[in-house]
1. Given the condition modelled with pLDDT of 60 or more and closer than 25 Å to LEU71 by Cβ, answer yes or no: does some residue in segment 141-150 qualify?
2. Within 16 Å of LYS263 (Cβ to Cβ) and either in a strand (DSSP E or B) or free of Cβ contacts under 8 Å to residues at least 24 places away in the same chain (or both): does that describe SER204?
3. In segment 195-229, which residue that is within 16 Å of ARG177 (Cβ to Cβ) and hydrophobic (A, V, I, L, M, F, W, C) is nearest to the chain's Cα centre (by Cα)?
4. Filter segment 78-130 down to the residues that are more than 26 Å from LYS227 (Cα to Cα), assigned to a loop (DSSP other than H, G, I, E, B) and in contact with a Pro (Cβ under 9 Å, 6 or more places away or on another chain) and list them by number.
5. Mind telling me which of the residues LYS227, LYS237, LYS263 ends up being outside the structural domain of PRO63 (by TED's automatic domain parsing), at pLDDT 90 or above and closer than 30 Å to ALA126 by Cβ?
6. Mind counting the residues in segment 230-250 that are of a type outside the set (D, E, K, R), surrounded by fewer than 15 Cβ atoms within 10 Å (Cβ to Cβ) and over 14 Å from MET211 (Cα atoms)?
7. Here are LYS262, LYS246: which of them is part of a strand (DSSP E or B), in contact with a strand residue (DSSP E or B) (Cβ under 7 Å, 6 or more places away or on another chain) and not β-branched (Val, Ile, Thr)?
8. Checking the structure you have, find out if any residue of segment 41-52 is at pLDDT 85 or above, assigned to a loop (DSSP other than H, G, I, E, B) and over 30 Å from GLU142 (Cβ atoms).
Amino acid sequence: MGKIPTHPFPDKSGDGNNVKNQFLVVSFFIFSGLIISPAVMAERNSVPHSDGVGTGATRVVYPSGSKHVTLSVNNTADHPFLVESVVLDESMQQEAPFIITPPLFRLDGGQRNTLRIMRTGGHFPADRESINWICVKPIPPEPDSTRDEGEKDSVDRDNLSVTTRLLSGICIKLFFRPEIVHGNSLDMADKVTWTIKGKTVTASNPTHFYMNISWVSVNGKKLKMDKTYIPPFSEEKYPLPEGVVKNNAISWSVVGDYGEEKKILSILN
């Protein structure tokens, strides 16, 4: 019989693709509610409400001068879960220098708990944001022990195990923001430039902020995005749609600290 994984976090020697699969986000989990303390800024999530467990935000900003930030975890199901949490680095392959309390707790149906995230060290750039991931894994209860043996035997436990692995957790962005970085990424988004290079569209971000992109469209065609953000002082490349040439207009939407979106119209160079 396949066992439900008891630890949602990656083996440091493991394959990165396995890590991504472990944290596949599916509609079983929802984001609902929002808690904002003086030390936290969070992006609201527009995922439709459904039964399950989720976080109260889709991103958290950790100002460098803060002692901690908080994040709510909600259970809208009618049964309890064990909830395990950790902060991972950008690669999602090792733990980042933060601790979460409580790291493991029981969350009854219809209840909410608050996680406290505290920095424990680490070296982060002083001139730009850094990204980590807050990962939360709900561990479901064992199958109902009151069912008779015939019903138990009819359960495909291997399939149950696979399903559980697919539903093993959710990860949201944790941005560490140094003191030199002020304001909101929306205020700086118009500094991003878009250039055709070969068969790609290159987005260049000359700012201190991560630019969190909701969508990009040119000539009415949405660009395929493998990554939904552009790191500070960096570039991201997207496949060039057919028929797109220089001087075409490109529209895109950037998401701010509180989930507000700003649509921007730029020109392809």
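1. Looking through segment 141-150, at least one residue is modelled with pLDDT of 60 or more and closer than 25 Å to LEU71 by Cβ.
2. On the way: within 16 Å of LYS263 (Cβ to Cβ): no; either in a strand (DSSP E or B) or free of Cβ contacts under 8 Å to residues at least 24 places away in the same chain (or both): yes.
No: the conditions fail for SER204.
3. The initial filter retains those residues of segment 195-229 that are within 16 Å of ARG177 (Cβ to Cβ), namely 205, 207-212, 229.
Restricting the remaining residues to those that are hydrophobic (A, V, I, L, M, F, W, C) gives 209, 211.
Details: PHE209: 16, MET211: 14 Å.
Ranking the qualifying residues of segment 195-229, first place goes to MET211.
4. Matches in segment 78-130: HIS79, PRO80, ASP108, GLY109, GLN111, THR120, GLY121.
5. Values: LYS227 fails: at pLDDT 90 or above; LYS263 fails: closer than 30 Å to ALA126 by Cβ.
From the options LYS227, LYS237, LYS263, the qualifying one is LYS237.
6. Matching residues across segment 230-250 total 5.
7. LYS262
8. At the first step, the residues of segment 41-52 found to be at pLDDT 85 or above are none.
Within segment 41-52, none of the residues are at pLDDT 85 or above, assigned to a loop (DSSP other than H, G, I, E, B) and over 30 Å from GLU142 (Cβ atoms).
The values are calculated or read from the model by the stated rules, or taken from the named source; none is laboratory data. This one's a predicted model, so the numbers in the text were calculated from it and none came from an experiment. Glycine also receives a Cβ, built like all others from the backbone with ideal geometry; neighbour counts cover every protein chain displayed.
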